[in-house]
């Protein structure tokens with residue numbers, strides 16, 4: 001059952017006839033002024049003009065996505081063409097009731113566009129009316145997503161310097177000197193005769209020589225050899241970015257339909 005709780009959901013919904021043929025989409029919903037129940041809908045069967053086809057909601061059904069009226073497509077499309085400007089004259093209303101076999105409108109009955117202020121019954125401007133959203137003027141706006149790619153700095157890792165002690169063996173060759181005993185025998189000459197006779201004729205003596213030699217002595221000292229610091233450099237690589245972007249497309253719905261308003 002179609003009632004006031006789902007009026008807003010009707011706008012833009014696809015309309016099918018009793019013969020399962022698609023007629024168009026809901027443009028506007030008209031409600032009974034007294035009962036405040038949806039009674040008629042306008043069906044847009046083309047993209048141009050302000051004239052729309054009216055269809056009754058008696059015995060119609062709505063599943064949240066599609067409206068199914070109790071009349072076949074040809075019957076609805078041949079209904080009297082009335083400007084859907086928010087107001088329906090008494091004559092136009094009677095013509096609709098007569099065409100669909102519903103008799104005539106009650107004397108006090110009146111049909112209002114559900115979006116019209118009931119206080120002044122001012123008509124709504126429906127030129128370029130978007131059936132799935134607000135009135136947009138004389139054209140439909142097509143939008144698309146654009147991919148903007150930039151960079152931001154993030155932490156990718158950390159590096160630190162750590163000093164520790166490593167012990168290794170070092171081998172060096174060092175010249176080492178030492179004294180060795182040598183025996184020199186000199187013949188007696190006039191030059192050394194005096195020294196030779198100074199000790200007596202036959203004596204017992206000892207002669208001693210102190211021998212010396214070098215030994216290796218090692219020592220260590222700590223000296224600075226270099227300074228090590230951490231730094232960074234920027235390396236630029238090429239990286240491909242793949243992302244889904246959406247865009248709107250506008251297509252002509254039922255282009256073969258009669259889009260010329262007629263009464």
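Values quoted throughout were computed directly from the atomic coordinates according to the rules given, and no laboratory measurement underlies them. Owing to the predicted nature of the structure, the values given are computational and were not obtained by experimental measurement. Every residue, glycine among them, receives a Cβ derived from its backbone with ideal geometry; neighbour counts consider all protein chains shown.
Spin-label model, residue 149 to residue 240: label points 7 Å out along the Cα-to-beta-carbon direction sit 1.0 nm apart.
Could you work out how far the C-alpha centroid of region 1-75 sits from that of region 163-217, in angstrom? Using only Cα atoms to place each centre, the spacing works out to 132 Å. Residues 65, 97, arranged from fewest to most other Cβ atoms within 10 angstrom of their Cβ, appear as 65, 97.
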